[in-house]
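One structure is given here, and the rest of the page talks about it.
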Amino acid sequence: MNILCGLKLLGRNCIFFHLASLSKRGKCSNIYRSSVGYCRTQVSCPLNVPNTEVYKNVHHSWGRFFFQSYRPLREKITSLQIGSVRQLPHHFSAWNIQIVRSFRTSPSFQAAPVALLWIIVKPAQKLLAIILGRSIRKWWKTLPPNKRELIKESARKNKWKILLGVSSLGVLFVVFYFTHLEETPITGRPRLLAFGKEHFRELSQMEYDMWMEQFKSKMLPETDALHQVVETVVGHLSESNKDIPQVSALQWVIHVVDEPDVNAFVLPNGQVFVFTGLLDTVSDVHQLSFILGHEIAHAVLGHAAEKASLVHFLDFLSLIFLTMIWAICPRDSLAVVGQWIQSKLQEFMFDRPYNRTLEAEADKVGLQFAAKACVDVRASSVFWQKMELVETIQGQPKLPEWLSTHPSHENRAEHLDRLIPEALKIRESCNCPSLSGPDPRLVFKLAMQDVLESSKDQETPNSTKRDLSKPKLDFPHT
């Protein structure tokens, strides 16, 4: 069971139910909710938010660097854009953040039994449903014709009793669903939550140990400049949103993995994993702050436990249909096809749309986290526009959004553009430095045409010479 569902970038898939992931955020708003669960903000910012000058200094470099600002963050690590970050103190006594290199395992008597039982139950349930359905089919085939008719006649006579029994079972499911509804922190959206925090914390620890074992030889040291940038950004986001209980309750532990994957994720227990491929892709700390705010939002909102609860509930319901499929289908081959169709219908009608809903919610809350940290929130949509442009240049096939667990880059950017005005109001209410210089969205729009034209020039066989007067944008390949 994978508790991690990190950033969906450039085709990377979320792997939730061979474990499901996430992380979430912090403080500048007391939220009152509308009847449909969307939030309006009455901003209440923490006093003395540290190091907001970092983002102010970084923002002033927009006009100066214009096209240069789209170089990867790794290349700009010593430039003005990151130089201001490096000037921050490297001790975070006031920030709820820890740097941990060694990894620990949970006591076997506590974590293993409950967590492993949960992982084993799902395939065991399906196996029992298949065996039961297949046994019913074989039993029916072995019955003489006269006994079959007697059973059919008895069913017709007792159809109301059978209907009452089926209805009672349905009522039990409905009662279970509504008795396990909780409000999502911050947004107030009602959601099913069937698992206790303790059990999910055990799974988070197992997930953490697994990732640490996998990446133990690829972890960047604490003294590495990239590690210090991520440490600073996470610490600033945490401090700026410390009024949110779910943010202040977690110890945010930083891990920077030297891997080319464009990804980042945060486990429910506050373990932050950032891949260097992502740091090579973002252009500045504004984009990085929004992405990490998004991942922190997943953890704070408890999306991992919510998704696991829904998947487990739907799987339990599907056992009834799975048993019926194997009982009704005359051959095993047809039953296998029917089971595949059932699983795909559940995936595309429930699982993937629900996951896209969670991603959109994490974008909204993560943007609010970034706004309270005085980030230039306009850079959030620029990042996804950049991802869209990279896919276009590389000629990557574009699948319909309904086939994906995440919104498309284009729709994500449009969604963020609609949220940015509200985020700017939050930022203003937090007494953040005024944004000056050109809007990064406008800068990118002007630069995008040049990049596309340059890409076409490279594809033309005779275009061996380039117009050196045009600025060149360096987009990393993944």
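Is there a residue being surrounded by 16 or more Cβ atoms within 10 Å (Cβ to Cβ) and among the basic types (Lys, Arg) anywhere in the stretch 388-410?
No.
Working only within the stretch 413-446, note down all residues that are farther than 17 Å from Phe290 by Cβ and of a type in the set (A, V, I, L, M).
Answer for the stretch 413-446, where residues must be farther than 17 Å from Phe290 by Cβ and of a type in the set (A, V, I, L, M): Leu442, Leu446.
Name the pairs: first residue in the stretch 119-140 and open to solvent by 70 Å² or more (accessible area, probe 1.4 Å), second residue of a type in the set (Asp, Glu) and assigned to a helix (DSSP H, G or I), Cβ to Cβ under 8 Å, at least 6 apart or on different chains?
From residues that are open to solvent by 70 Å² or more (accessible area, probe 1.4 Å), the pairs are Lys126/Asp315; Arg134/Asp332.
If you go through the stretch 434-451 one residue at a time, how many are part of a helix (DSSP H, G or I), surrounded by 13 or more Cβ atoms within 10 Å (Cβ to Cβ) and not basic (Lys, Arg)?
7
Picking from Ala264, Ala305, Ala297, which residue would you name as being closer than 26 Å to Leu203 by Cα, modelled with pLDDT under 90 and under 14 Å from the mean Cα position of the chain (by Cα)?
Ala305 is the lone residue from the list that is closer than 26 Å to Leu203 by Cα, modelled with pLDDT under 90 and under 14 Å from the mean Cα position of the chain (by Cα).
Go through the stretch 369-392 and give me each residue that's over 21 Å from Val262 (Cα atoms) and among the hydrophobic types (A, V, I, L, M, F, W, C).
Scanning the stretch 369-392 gives Phe369, Ala371, Ala373, Cys374, Val375.
Looking only at the stretch 219-242, decide whether some residue is in contact with a Gly (Cβ under 9 Å, 6 or more places away or on another chain) and more than 18 Å from Leu288 (Cβ to Cβ).
Taking every residue of the stretch 219-242 in turn, at least one turns out to be in contact with a Gly (Cβ under 9 Å, 6 or more places away or on another chain) and more than 18 Å from Leu288 (Cβ to Cβ).
Of all the residues that make up the stretch 333-355, how many are touching a Lys or Arg at 6+ places or on another chain (Cβ under 9 Å) and either open to solvent by 50 Å² or more (accessible area, probe 1.4 Å) or among the polar types (S, T, N, Q) (or both)?
3
Which one of these is of a type outside the set (Ser, Thr, Tyr), buried (at least 18 other Cβ atoms within 10 Å of the Cβ) and assigned to a helix (DSSP H, G or I): Met206, Met210?
Step by step, each of Met206, Met210 is checked, and only Met206 is of a type outside the set (Ser, Thr, Tyr), buried (at least 18 other Cβ atoms within 10 Å of the Cβ) and assigned to a helix (DSSP H, G or I).
What are the residues in the stretch 171-191 that are under 30 Å from Leu367 (Cα atoms), at pLDDT 90 or above and either more than 21 Å from the chain's Cα centre (by Cα) or open to solvent by less than 80 Å² (accessible area, probe 1.4 Å) (or both), if any?
Across the stretch 171-191, the qualifying residues are Leu181, Thr184, Pro185, Ile186, Thr187, Gly188, Arg189, Arg191.
The values are calculated or read from the model by the stated rules, or taken from the named source; none is laboratory data. These numbers come from a predicted model, not from an experiment. Using ideal geometry, Cβ is built from the backbone for each residue, glycine included, and neighbour counts are taken over all protein chains shown. Keep in mind that these areas ignore ligands, DNA and RNA; they rest on the heavy atoms of the full protein, side chains included. Shrake-Rupley method; radii C 1.70, N 1.55, O 1.52, S 1.80 Å.
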